[in-house]
1. In degrees between 0 and 90, to the nearest 10, how far off the longest principal axis of the chain does helix 252-266 point, with axes built from Cα atoms?
2. Work out how much length residue 49 to residue 290 would gain on full extension: take 0.36 nm times their residue separation and subtract the Cα-Cα distance, in nm to one decimal.
3. In terms of the Cα gyration tensor, with a ≥ b ≥ c the square roots of its eigenvalues, is segment 379-479 rounded because a/c is under 1.5, prolate because a/b exceeds b/c, or oblate?
4. Just to confirm my numbers, what's the Cα centroid distance between segment 398-442 and segment 240-315 in Å?
5. P(r) of segment 146-277 in 5 Å steps, Cα pairs, percent per bin?
6. Can you classify segment 17-70 as rounded, prolate or oblate using the Cα gyration tensor, where a ≥ b ≥ c are the square roots of its eigenvalues, rounded means a/c under 1.5, and otherwise it's prolate if a/b beats b/c and oblate if not?
7. Could you give the length gained by full extension between residue 6 and residue 464, i.e. 0.36 nm per residue of separation minus their alpha carbon distance, to one decimal place?
8. When a footprinting reagent is the concern and you count Cβ atoms within 10 Å, what order do 446, 149 take, fewest first?
């Protein structure tokens, strides 16, 4: 994409500067043009020449770029926990304190999506303890880019809705449907993708996977299964979409085996949609199991909401440094809190998604009051990195990436990496607690207009499941009370609770998943 302003401005507002960049709110990396007046952001538009967003920006992108910049709740000062109080300190004092507390310590990193590739590569240079709040997949998580989905004739979607993860990718599915593609959906909840589908079946994951594994049997008597199999056999332009949610669940290996077998038998294309880590890292589960092995933790964003109380208690004996945009749940468990630059305020490489490409976006806003994490960490640890050398291992020329803004990663296909044949545990029949994002993610609840789309954290289940659990207007999960919404849009044996809430949000706080899940690093958990 050529990141240049349009010949004629898209805004009617007064401005004195215009800048172009790529949104890093999700993996779509949509292009945008922003306009500033006296260094204040006054207007924002999707770039009309952008091949990903096609001139549009989603609610999430507008929130992350425009509203975050002007949000009065945004953290603008560094704070240090002194006993039970938080004391404002200068950036220079924060650096001196960090050097004092981290010198000679075993340091771990916990990275969310706000950490760019520079911070990840630097973390790998500093310590073997690099954790992320998503799943690392060492293979090509998608064989097709989203803009290539429009040419598929048969699309099977398993537990996926890009509207809740990679929003602008949804338009390519809509294009496919309008061109005559048959969209077949199996999911735990009826969502926007289901509204466009020719056929939707609501099933809990244990039933869905048991149903799909029959695809490979010789004698099929189920008419739905026979239709699915014939579709994969006869329609060569087929595509399987799978949610990254299933990668963060006990069903991960079964799902990967399913995709591999669909590839082997029917040559189908696939895409794992959502927040995926393409570079080596450890999971939050790994972090919880090795929490005694490091002395200090550097954390980006708000991933401590995925920790149970016993692990948060152990962090009290360690020095926790946080880079954040807002003073969230994680801030209340940190010793040093630093106001970080947004992806618009530093050169940024977007890599956390399953689409198999890197997207480079230049700094478009100059904000001196915030701290660039890479610059801070480079001085703190007296280390530097070579992105050129790192990227060359993945077949990418760094200068080409900066010039073209988007370059594909060279990774093996799933079936080349995932070949395990060992016995997978039988599917467990149970009522499953399902926690996942909706359109409003964690960051969205710090903005009044996006928070208003989903004010309250509630538990959603259908009437049959409510009768099984003997609940009416409220349900208790691990001692926490949730108001119940009875809806036919949730599958049998599923209780859905949005995970984007936590106790310290400014408008209508909720309960962080680490408080009510036994395994908060999983998105599906059997209720006991």
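What follows is calculated from the coordinates using simple rules that are stated; it is not laboratory data. On a predicted model such as this, the values are computed, not experimentally measured, just so you know. All Cβ positions, even for glycine, are placed from backbone atoms using ideal geometry, and neighbour counts span all protein chains on display.
1. Approximately 60 degrees, to the nearest ten.
2. Working: separation 241, 0.36 × 241 = 86.76 nm, distance 4.71 nm.
Fully extending the segment from residue 49 to residue 290 adds 82.0 nm.
3. Working: a/c = 2.95, a/b = 1.63, b/c = 1.81.
Oblate, because a/c is 1.5 or more while a/b does not exceed b/c.
4. Using only Cα atoms, the two centres lie 8 Å from each other.
5. 2, 11, 22, 26, 23, 13, 3, 1, 0
6. Working: a/c = 2.37, a/b = 1.43, b/c = 1.65.
It is oblate, given that a/c is not under 1.5 and a/b is not larger than b/c.
7. Details: separation 458, 0.36 × 458 = 164.88 nm, distance 5.49 nm.
Additional length available on full extension: 159.4 nm.
8. Details: 446 21, 149 24.
By the 10 Å Cβ count, ascending, the order reads 446, 149.
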